[in-house]
Amino acid sequence: MKKSILALGLSLVASIASAAEYKLAIQVSDNDPQKMNIALNNAQNVQKHYESQGDSVKVEIVAYGPGLQMYTMKSPVKDRIDALSLDDNYTFAACGNTLAKMEKKAGKKVALLDGTTMTASGVVRLMELQSQGYAYVRP
């Protein structure tokens, strides 16, 4: 009995030790539906790959400049973001600098999709993520 418990305990420790968490930062800075879809495809493919190995991945997609259109109510990928935002492994970060410029130009508040988080600067956020060990991709 003791050997079975010990074997089970060692197996549990080995499985916990072998599970890794990967981190991916994706930049979207173009108002291009194709690039937005590629960014989302990259995120989902990476997640699928690592989950099939028993690992996990945190994905943060940082949109700034013209790419911030990705998170507006008129986003060409709105349905995909709405679905992915239900998964805690995804973060959708919007550049506050870009949003302020968009609102000034529009003369009114610009609504962003639910689940979007604000960051002061998209470029600074990408730098912070890289310093925290995130891999960086720009489709």
Worksheet entry | Number of the exception - residue 103 against (1) within 14 Å of the chain's Cα centre (by Cα); (2) exposed (fewer than 14 other Cβ atoms within 10 Å of the Cβ); (3) assigned to a helix (DSSP H, G or I) | (1)
Worksheet item: How many residues does segment 70-97 contain that are free of Cβ contacts under 8 Å to residues at least 40 places away in the same chain and in contact with a strand residue (DSSP E or B) (Cβ under 8 Å, 6 or more places away or on another chain)?
Response: 7
Worksheet, complete the sentence: Given (1) at pLDDT 95 or above; (2) within 26 Å of residue 131 (Cβ to Cβ); (3) in a helix (DSSP H, G or I), residue 24 misses just (3)
Worksheet item: Going by the conditions given, is residue 133 under 28 Å from residue 21 (Cβ atoms) and open to solvent by 50 Å² or more (accessible area, probe 1.4 Å)?
Response: yes
Worksheet, complete the sentence: Filtering segment 106-118 down to residues that are aliphatic (A, V, I, L, M), exposed (fewer than 13 other Cβ atoms within 10 Å of the Cβ) and closer than 12 Å to residue 72 by Cα yields 111
Response to the item:
Scanning segment 44-67 residue by residue, those aliphatic (A, V, I, L, M) and in contact (Cβ under 8 Å) with a residue 40 or more places away in the chain turn out to be 62, 63
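Taking the residues in segment 106-139 that are in a strand (DSSP E or B) and hydroxyl-bearing (Ser, Thr, Tyr) as candidates, determine which candidate is farthest from residue 68 (Cα to Cα). So that I can check it myself, show each step before the final result.
Within segment 106-139, the first condition is being in a strand (DSSP E or B), and the residues that meet it are 112, 116-119, 135-137.
Remaining after also requiring hydroxyl-bearing (Ser, Thr, Tyr): 116-117, 119, 136.
On the way: 116: 11, 117: 12, 119: 12, 136: 18 Å.
That would be 136.
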Response to the item:
Condition set among the small types (Gly, Ala, Ser), surrounded by 14 or more Cβ atoms within 10 Å (Cβ to Cβ) and part of a helix (DSSP H, G or I), scope segment 29-68, selection nearest to the chain's Cα centre (by Cα): answer is 43
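Confirm whether residue 71 is buried (at least 21 other Cβ atoms within 10 Å of the Cβ) and either more than 16 Å from residue 138 (Cβ to Cβ) or of a type in the set (S, T, N, Q) (or both). Break it down into steps so the answer makes sense when it comes.
On the way: buried (at least 21 other Cβ atoms within 10 Å of the Cβ): yes; either more than 16 Å from residue 138 (Cβ to Cβ) or of a type in the set (S, T, N, Q) (or both): yes.
Yes: the conditions hold for residue 71.
The values are calculated or read from the model by the stated rules, or taken from the named source; none is laboratory data. Just so it is clear, the model here is predicted, and its values are computed rather than measured. So basically every Cβ, Gly included, is an ideal-geometry build from the backbone, and we count neighbours across all protein chains shown. Ligands, DNA and RNA are stripped out before the accessible areas are found, and what is left, the full protein with its side chains, is counted by its heavy atoms. Shrake-Rupley method; radii C 1.70, N 1.55, O 1.52, S 1.80 Å.
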